[in-house]
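The values are calculated or read from the model by the stated rules, or taken from the named source; none is laboratory data. Since the model is a prediction, treat every value here as computed from it, not as a measurement. As a convention, Cβ positions derive from the backbone with ideal geometry for all residues, glycine included, and neighbour counts pool all protein chains shown.
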Amino acid sequence: MLRIRNLESGYGSLKVLRKLSMHVSPGEIVTIIGANGAGKSTLLRTISGQLRARGGQILFNGDEIGKLAPEKIVFMGCSLVPEGRQVFATMTVKENLILGGYVQYRKKKMSAVEEGLERVLGLFPILREREGQLAGTLSGGEQQMLAIGRALMARPTLIMMDEPSMGLAPLIVKGIFQTIVRLREEGNTVLLVEQNARAALKVADRGYVIETGKLVLEGKSEYLLGDSEVQRAYLGKGYTEIWE
Amino acid sequence: MDMELLLLYLVAGVTYGIIYAIVAIGFNIIYNTTGIINFAQGEFVMLGGMTAVTLNAFLPLPAAIVLAVILTMAVGALIEIIFIRWLVSPSVLRMIIITIGISIVVREAALHIWHEGVRALPYFTGNEITSVSLAGVRMSPQVLWVLGICSVMVVALNLFFHYTFLGRQMRACASNREAARLCGISAKNMVTLSFVLSAGIGALAGCVISPITYVQYDSGTGLAIKGFAVAILGGLGNSMGAVAAGLLLGVLESFSIMVMPTAYKDAIAISIMLGVLFVRPSGLFGSREAAKLKEF
Amino acid sequence: MPLLDVSSLNKRFGGLHAVKDLSFAVQEGSIKSVIGPNGAGKTTLFNLLSGFLKPDGGDITFRGEKTTGQAPHRVARLRMARTFQHIQLFPHMSVLENVMMGRHIHTSAGFIAGMLHLPWSLKETSSNLDTCREILDLLGIAELADQEATSLAYGRQRVVEIARAMAGEPALLLLDEPAAGLNMRETAEMSELIGRIRQMGITVLIVEHDMSLVMGISDEILVLSYGRKIAEDTPRNIQKNSEVIRVYLGGEDDA
Amino acid sequence: MRKHSGVLGLAAAVAAVQLLTAWTGTGFYLTQLTMSAYYALVIIGLCLLMGYAGQISLGHAGFFAIGGYISAFLTTFDLTQHRENAVVAALAKAHLLVTRQDLYGFEILHVKPWAAFLAAVAAAVVIAWIIAGPVLKLKGHYLAMATLGFGIIVFRIVLGAAVFGEADGLSEVPPFVILPGLEVSGGLSARVSNYYIAWSLVIAGMWSLLNLVDSRVGRALKSIHGAEEAARAMGVDTARFKLKTFVMSAAFAAVAGVLLTHYNGGIGPSEASVMKSVRYVAIVAVGGTANLWGALVMGSVLNFLSLRGYFGSFDDAVFGAILILIMLFAPEGIVGGHITQKLKRVFSRSKGEAVDAAP
């Protein structure tokens, strides 16, 4: 579904991604883990078109999307739930969701948007309760739900999430990861970037480990969870053994 | 003090105030979608008035106004497409200078087309000496036209922004441009639309006010500055605040004539603006929190 | 008396209580690290210490002086230097000029002296240049002196930022995620560099995610979670602390 | 040193131009060249503020006008009627007053030009100091609008106040005698000397500003512009540096205002207009905001062309168009920025020097 070859990207003179290759197949949850500043978010921003790729290829369902604007990429069925949620704070929950359905509105009609709205509100009952509330007044966890719901409104074939657990309390984080599992059960494909590597690997099928913009390791989640190097660097296990 | 005179000042203040508010709303529309203060905003008002006067020479008044508004909207679109659209994240300083440049060029072009003459559209109904009496105050019917049309504009804009998909798209861009793009909304088209819209309301305001104030190639500048003062007073980006602030400034200015020479009228408006900027940059009606978020 | 003493510090952002009743001290000559999950309030703490944010309550005492709520440049003059999570070098200036800015607090030439290039101000500049070159030498980046700072590789920029902070001969150096964006080798070099800085007698306070760096060099570690201190101890004990393991190291075992 | 060779080069060019006009019998150009020099003084001062401290001012014509108008007022307002006034008496006692004959042969009593000069510049400095505090707390559009607003207020005051001559401005400003035989005035016989007076000031201004830029203060200003947070962490009192720069650049404008007023023998409200302020900003932008040489070259050339009337009725439009074009296509300016850098690179390659590969 998504295939990336030798991708290069960065900000200004700063090169963040160096010759990165990876892929995502339909129906998978794939996670990308790495330290702060390793280039995880940059990768998602590049795929979604917010950053222009400087080299390499991004193929989505066989089409090259590396040079497209973000709004075009959404129309092709690839949605991003951005880091820090980025809801339209001054608009109501319902308005947020309707705007997420813009793609459907353009492709089909308003009825398709309303259908999608029902589906998303069914998925997140809490949002139905808050329908008329301004998005900026929601709690962090609710905003994250809204951001995911808004992305789902476009009926994407691939949904990418950038650090959905950031700044949320453990209980809420648990809910978010349950949602991700449910999304896959409903046939969605998910590409997940997470600081919380352990939780991410637990729900994912496969994972990629990146370090300073380069791929250092990839494999099935169980394999990565068991890898001692990954445990030491990202899962926080094994310090006692190493330092004593 | 003569009660009738006071009311007269009040009506004059409200009339000017609502025009300032319309100009301020024009600022706000563009500011909200782009983060740019369009220093050429006053030129839209001037262009609307001037074009309508010219067209009125061979077209009936309503047709001339409609056509003038459409032409000004086209100019707004052109300005955005030629000068703004292709810039990649320009600095605020750069945008300030570009829009100032545009305002100068438009003004000078107007000077060469229409020369320095002062013009005006005919009164929409009646003439200079007709007056209607409302609640004991005698006023020109044109004042009612100004108040009526501007009020309709404010209400219509509000409905547009809150109840149409297009309006919501514009608000989404204003709220969070990147997130709007991630919803598939073309932020660039929204920016063009914001220029078209603010050119349109500016031009219409220019038409309705011209019988009272007259227009000249350089009448945009003064209005733009008042409009900006009002936008600041009302809280940048807050259109309802702009209406309140517009009326307030218009009335204050109108009464200031009683104690100060007319020559200092503008200076007073600007002093009020500076005072607000220094003490409460979020405006009288804007929330401080929101202003903090918008700091640039 | 500790070099830095923080007592019941509080900071709120709207509804978020970013730093909650935080008290700790930093002893002269030590290296202390602050760790905690994302959003734990570490960077907020740095901004409070260096004067970029005003606390809502509590006190900060640095070298015996109360610095609570003082402007950043005043705190800097008391010789507290810092680096930034997102490197903030001065663009369009060479590495040497950047480091010269670190000497700002030790110089005094004002507008008049500058405009007339008064002899004493020129002498001041040249003696500072010597000091800065020495620091570049010390940190092993002397050969970069005349390059434009912001055009350097990321890892080098980190070192220049530290050199700039060092130029002010700080009593306390705050390092905000010095290893972010560095690879394993560079991180190891950074560890070694911080060790050398301590040997020069400079006290260091670090916010960092990279455990290999933190565990290796710290004398003491302060662990934050949701703005609250949950532990403050030696690295050895921190690794055994069950509370720390639960919220941070051991992560979401139960998630 | 390169900087000093630049200033020496400027001095040589100034002399060369004068000799050229003498040789070709085009001495009349000196009048506009002298005026351009005073405008250039405003522009290099503004360049320091915009390019190095990173603060825009759309009100610099205001400071120019404050200088010019106050000096003009003090040197033309007849105090004969007010001899009894305590202040006037004190001034007279301090030998700050002088009598001269006006156009119609009447004797008038007014403040001596050099005292008026000091008073005018001091007034501008004080006003700048007062407004700089609140104004410089603002950023972006707010800063632009606040300075613009200040400029408009000054404009409205000089246009509306009877003491400042309303739309006519003030005229019959006497010459400003600097030394016996050396005076700032528009007299034909003083044309050459005035050319040199004006340009000497520009040279001195350039020398001091180039020095400043290459000093502790200059580095601090650049650091504020580049990364304000980091500058504060280095101990730079950013507010104070911005304030002092603002005041200094206002002083440059006021000095130019006073002297040009004496040179022209008067001043009118157009000198305080928004268009003038915009024009100064335009020229700084064209020169490449952080480029004193660029500002100087563009300031003298464009003002000279404008004063000679080469732009005809398109004078303002030319400056508007320049603003747009420069900001669209070369926001670094045409004199500074990448074009010169590109040229440098071309030259260094052609000399066969190894170009160090960037990491």
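General remarks:
- Single residue of B:V105, B:V66, B:V53 found to be part of a helix (DSSP H, G or I), away from every other protein chain (no Cβ under 14 Å), without any contact (Cβ under 8 Å) to a residue 40 or more places away in the chain and of a type in the set (A, V, I, L, M, F, W, C): B:V66
- Among the candidates A:I47, A:I58, the residue that is more than 11 Å from every other protein chain (Cβ to nearest Cβ) and closer than 18 Å to B:R181 by Cα is uniquely A:I47.
- Matching entry among B:S175, B:S103, B:S131, B:S140 (being modelled with pLDDT under 90, more than 23 Å from B:L6 (Cβ to Cβ) and either buried (at least 16 other Cβ atoms within 10 Å of the Cβ) or touching a Lys or Arg at 6+ places or on another chain (Cβ under 6 Å) (or both)): B:S175
- Scanning segment A:129-138 for residues that are closer than 16 Å to A:G175 by Cβ and either in contact with a strand residue (DSSP E or B) (Cβ under 8 Å, 6 or more places away or on another chain) or part of a helix (DSSP H, G or I) (or both) returns a single hit, A:E129.
- Which listed residue is among the aliphatic types (A, V, I, L, M) and not in a helix (DSSP H, G or I), from C:V204, C:V214: C:V204
- D:N211 being of a type in the set (S, T, N, Q), in contact (Cβ under 8 Å) with a residue 40 or more places away in the chain and closer than 21 Å to D:M327 by Cα: no
- Single residue of C:S50, C:S126, C:S30, C:S108 found to be of a type in the set (S, T, Y) and in contact with a helix residue (DSSP H, G or I) (Cβ under 7 Å, 6 or more places away or on another chain): C:S50
- Of the residues D:L170, D:L182, D:L221, the single one that is in contact with a Ser or Thr (Cβ under 9 Å, 6 or more places away or on another chain), in contact (Cβ under 8 Å) with a residue 12 or more places away in the chain, within 30 Å of C:H106 (Cα to Cα) and more than 9 Å from every other protein chain (Cβ to nearest Cβ) is D:L221.
- Residues that are without any contact (Cβ under 8 Å) to a residue 24 or more places away in the chain, closer than 13 Å to D:A231 by Cα and either more than 17 Å from the chain's Cα centre (by Cα) or more than 7 Å from chain D (Cβ to nearest Cβ) (or both) within segment C:63-96 comprise C:A71, C:R74, listed in sequence order.
- For first residues located in segment C:198-216 and under 19 Å from C:R236 (Cβ atoms), partners that are surrounded by 22 or more Cβ atoms within 10 Å (Cβ to Cβ) and acidic (D, E) and lie 6+ apart or on another chain with Cβ distances below 6 Å form the pairs C:E208/C:E177; C:V214/C:E208.
- Residue in segment C:150-169 that is buried (at least 19 other Cβ atoms within 10 Å of the Cβ), over 17 Å from the mean Cα position of the chain (by Cα), of a type in the set (S, T, Y) and assigned to a helix (DSSP H, G or I) present: yes
- Only listed residue being in contact (Cβ under 8 Å) with a residue 40 or more places away in the chain and polar (S, T, N, Q), chosen from D:T75, D:T21, D:T26: D:T75
- Among the residues of this structure, B:T99 counts as one that is within 13 Å of chain D (Cβ to nearest Cβ) and among the hydroxyl-bearing types (S, T, Y).
- Of the helices (runs of 4 or more DSSP H) contained entirely in segment A:1-108, those carrying at least 3 residues that are under 16 Å from the mean Cα position of the chain (by Cα) and at pLDDT 90 or above fall at A:40-47, A:70-75.
- The residue list C:S218, C:S225 contains one member that is at pLDDT below 90 and more than 9 Å from chain A (Cβ to nearest Cβ), which is C:S225.
- Residue within segment A:82-89 that is in contact (Cβ under 8 Å) with a residue 60 or more places away in the chain, more than 14 Å from chain C (Cβ to nearest Cβ) and of a type in the set (K, R) present: no
- Flag set for D:G6, criterion: under 21 Å from the mean Cα position of the chain (by Cα), surrounded by fewer than 18 Cβ atoms within 10 Å (Cβ to Cβ) and farther than 17 Å from D:Y195 by Cα.
- Pairs meeting the criteria (first residue in segment C:113-134 and closer than 19 Å to C:G102 by Cα and at pLDDT 90 or above, second residue of a type in the set (K, R) and not in a helix (DSSP H, G or I), beta carbons under 8 Å, at least 6 apart or on different chains) are C:N128/C:R103; C:T131/C:R103; C:C132/C:R103.
- Of the residues making up segment A:25-41, at least one is touching a residue at least 40 places away in the same chain (Cβ under 8 Å), basic (K, R) and either closer than 25 Å to A:E229 by Cα or touching a Ser or Thr at 6+ places or on another chain (Cβ under 7 Å) (or both).
- Residue list for segment C:104-146, restricted to those being within 8 Å of chain D (Cβ to nearest Cβ) and part of a helix (DSSP H, G or I): C:H104, C:I105, C:F111, C:A113, C:G114, C:M115, C:L116, C:S121, C:E124, C:T125
- Filtering segment D:182-196 to residues that are small (G, A, S) and not in a helix (DSSP H, G or I) leaves D:S185, D:G186, D:G187.
- Any hit, segment B:236-244, residues being in contact with a helix residue (DSSP H, G or I) (Cβ under 6 Å, 6 or more places away or on another chain), part of a helix (DSSP H, G or I), surrounded by 19 or more Cβ atoms within 10 Å (Cβ to Cβ) and modelled with pLDDT of 90 or more: yes
- Scanning segment B:113-128 for residues that are charged (D, E, K, R) and touching a residue at least 24 places away in the same chain (Cβ under 8 Å), we see that the one that is farthest from B:M3 (Cα to Cα) is B:E116.
- Once segment A:90-103 is narrowed to residues that are at the interface with another protein chain (Cβ under 9 Å from one of its Cβ atoms) and crowded, with 24+ Cβ neighbours inside 10 Å, the residue that is farthest from A:L138 (Cα to Cα) is A:V103.
- Residue within segment D:252-262 that is facing chain C (nearest Cβ under 8 Å) and at pLDDT 95 or above present: no
- Note on segment A:157-186: residues that are out of contact with any Gly (no Cβ under 6 Å at 6 or more places or on another chain), surrounded by 18 or more Cβ atoms within 10 Å (Cβ to Cβ) and within 17 Å of C:A40 (Cβ to Cβ) amount to 4.
- Residues that are facing chain B (nearest Cβ under 7 Å), within 17 Å of D:T245 (Cβ to Cβ) and surrounded by fewer than 20 Cβ atoms within 10 Å (Cβ to Cβ) within segment D:128-167 comprise D:P134, D:L138, D:K139, listed in sequence order.
- In segment B:70-90, the residues that are of a type in the set (V, I, T) and either crowded, with 19+ Cβ neighbours inside 10 Å or not in a loop (DSSP other than H, G, I, E, B) (or both): B:I70, B:T72, B:V75, B:I79, B:I81, B:I82, B:I84
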